[in-house]
Each structure stands twice: as C-alpha cells, then as structure tokens.
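Comments concern the structure below.
No value in this document is a laboratory result; all are computed from the given coordinates. The structure presented is a predicted model; accordingly, all values stated were derived computationally and were not measured. Counting neighbours? That spans all protein chains shown, and the Cβs are built from the backbone with ideal geometry, glycine included.
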C-alpha cells in the first residue's frame, strides 16, 4: 500500500512524497504539489528526463508553480532507471503511477481521476508520447518538451557524430558508471552520464536501454515507438522543441506532429529557432516564456 513518506520544501512549493509502488525492497516515489483551490483538482503527471538512465522526480519544481496556481495538482514521479531495468518494466512503472493517481489520488490529495494530463521533458517527453498510445483510459492532454517518438531511427541506433566529438568512453568505463541492482534515483556521486555518452557514441542506446535489438527485434521495439503505434483517439498534444537541439533532433517532434496530422489528432507544434536541448531552463527569457504560456493554455483549456 503506497504511503506518505515525507513532506518537504522544494523552492517555494510544498511537496508531499509518497511511495506509489514497491518492487522488492525498492520504494518508487512520487512528489505531489497540490494545486490551489477546492478539490477535486485536475492532475498533471510529470515525467522527468535523463535518457531513461539518469534524472529524478526532483527536477525543476519551480516550473510547477504556475500549474499549481491554475488549480492543477502536479505529481512528479520517479521510475526505475535503465540499464538496470529495461524499457518494458520501466514503462510498467509509469502505468502503475497513472493507476495509483486514478485509484488513490482522490483520497490522498483530492485528484479528479477524469482529468489527468501527462507532461515530460526529453526522455520524459518520449514517455509522455507513449502514454498517449498505451495508457487506458487515455489522458486528457499531453505536453511533450523536446521528446521523441522513434527509438529505432538512425539518430539513436547509429553512432552520433555530435557525441563522437567528445573523448570516447570505453565499454569498461561505461559499465563502471552503472550497476546491476534496480534503482529509481541516481546514486551519489552520479556518473551515469558516462554510460549515456557511451551509448550515443556507439549507437547502442536502443539495445542497452530497451533490451530490444533495433534490427533483430524491430517488431517488439516498434511497440514502444509512439510515432508508429499512435491511433485515432490519441489525446490532444502539444510538442515543443528547439531547432538547435544536438541531443534529440527537432525532426523527432516534426515527425510526431506529421503522424498526428495524418490521424486527425488535435495538436500543436512549437519550434523555437536557435534553442538547444533543455531550453526551458531559461524560462524567464521572453521567447521561452511565450512557449510556456502557450503550453499552459493548451493544457488548461483541455482540463477544464
């Protein structure tokens, strides 16, 4: 049974930490930032980035305050990290978090189970897009910041020219940066970026993170590619991406938007000229703030 673990301060926002799931002795946690106003409140399920290898639910809580002020409760989740956990089991954590919000959220923090949005950045943006295709019932709306819909494309499955400009990471160094025991938060000190760099330099991310060979097991991998499994009835979606992104090519959002267009799915594609990966860190800059405002309007209009 998930229980309240702690109440903590994150910036100016008060978060309640719950264990929404346990796998053996591992408690997988969620931080809940309650929205203002009376319950039941709509919920924004936030999924952090980090290539499915790094990151935690504690990323960027200052960005949650506008949603709270709009009466939306934000639930920022951890999930088991790769490569110790491969994508199918990692995805199960997202499904279980969604189920927990719908089942226990009304009692624990006044959630409205009929009004849930999903949002994420980078790998969290990927999981957000996957949520649109795989979560049942489907979320009301999706917000994907520089996410991706294709895990088997050359951009991930071939050595990356940008990352190969950096000193090459050996296989031994890469494996030394990770372990064998499952975990849902990076340890300290955190060297897991070395493993990620190795996967991009060698074109091994799909195999080592998902567990599926992008050639020999393409059919299984396609089942986790939102751009290929999205169907009619997919939720309204806004995609935001900088066209100077050297980590996730902007074409990933363009291809996802094209797939949604073919399906007749309501969507918006917001391309920010000259902006890199993680551009939303500069949330006070006018162009980025305008993108936030546009995402907020898209989200709140569909949660009413």
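Modelled label positions at residue 190 and residue 244, each set 7 Å beyond Cα in the direction of Cβ, lie 2.5 nm from each other.
Can you tell me how region 187-262 classifies by the Cα gyration tensor, rounded, prolate or oblate, using a/c under 1.5 as the rounded cut? If you can, show how the numbers build up before the last one.
Working: a/c = 2.19, a/b = 1.43, b/c = 1.54.
Note, shape of region 187-262 comes out oblate.
At 0.36 nm per residue, minus the direct Cα-Cα distance, what do residue 168 and residue 294 gain on full extension? Give it in nm, one decimal, please. Could you put the intermediate results ahead of the total?
Values: separation 126, 0.36 × 126 = 45.36 nm, distance 3.97 nm.
Stretched out fully, the residue 168 to residue 294 stretch lengthens by 41.4 nm.
With an 8 Å cut-off on Cα pairs and a minimum separation of 6 or more residues, tell me the relative contact order of region 221-274 in percent. Spell out each step's value before the answer.
Details: 67 pairs, mean separation 24.0, N = 54.
Worked out over region 221-274, it gives 44 percent.
Diffusion coefficient of region 158-221 by Stokes-Einstein, Kirkwood radius over Cα pairs, 20 °C, 1.002 mPa s: 169 µm²/s.
So what is the relative contact order of the chain, in percent, for Cα pairs below 8 Å that sit 6 or more residues apart? If you can, show how the numbers build up before the last one.
Values: 644 pairs, mean separation 50.3, N = 304.
Reported as a whole number, the value is 17 percent.
Residues of region 163-195 with an amide N closer than 11 Å to a point placed 7 Å from the Cα of residue 89 along the Cα-to-Cβ direction: 180-183.
For the chain, what is the calculated [θ] at 222 nm in deg cm²/dmol (nearest 500), taking -39500 (n - 2.57) for each run of four or more DSSP H residues and dividing by its residue count?
Working: 10 runs with 101 residues, N = 304.
That calculation yields -10000 deg cm²/dmol at 222 nm.
In region 14-116, Cα pairs under 8 Å separated by at least six residues give a relative contact order of 32 percent. The C-alpha atoms of region 151-304 occupy a region whose extents along the principal axes are 50, 39, 30 Å, arranged from largest to smallest. Taking the centroid of alpha carbons for each part, region 258-304 and region 94-108 are 26 Å apart.
Rounded to two decimals, what ratio of Rg to Rh does region 80-154 give with C-alpha atoms and a Kirkwood Rh? The partial results should precede the final answer.
On the way: Rg = 13.1 Å, Rh = 13.1 Å.
My calculation of the ratio gives 1.00.
May I have the pair-distance distribution P(r) for region 114-215, computed from all Cα-Cα distances with 5 Å bins from 0 and rounded to whole percent? Result, from short to long distances: 3, 12, 16, 19, 20, 16, 8, 5, 2, 0 percent.
Compute the length gained on full extension between residue 217 and residue 103: take 0.36 nm times their separation in residues and subtract their Cα-Cα distance, giving the result in nm to one decimal. Extending this stretch completely gives an extra 37.6 nm. In region 109-153, whose amide N lies under 17 Å from the spot 7 Å out along Cα-to-Cβ of residue 251? List them in ranges. The answer is 147-153.
Indicate, rounded to the nearest 5 percent, the antiparallel portion of the DSSP beta bridges found entirely in the chain. Mind showing how you got there, number by number?
Numbers: 17 of 43 bridges.
Taking every DSSP beta bridge with both residues in the chain, the antiparallel ones total about 40 percent.
If you count the DSSP beta bridges with both ends in region 1-146, what percent of them are antiparallel, to the nearest 5? Please report the intermediate quantities before stating the final value.
On the way: 17 of 33 bridges.
Counting only bridges with both partners in region 1-146, antiparallel ones make up about 50 percent.
Placing pseudo-labels 7 Å out from each Cα toward the beta carbon at residue 175 and residue 285 gives an inter-label distance of 4.1 nm. Across all directions, the average flat footprint of the convex hull enclosing the Cα atoms of region 30-99 is 4.6 nm².
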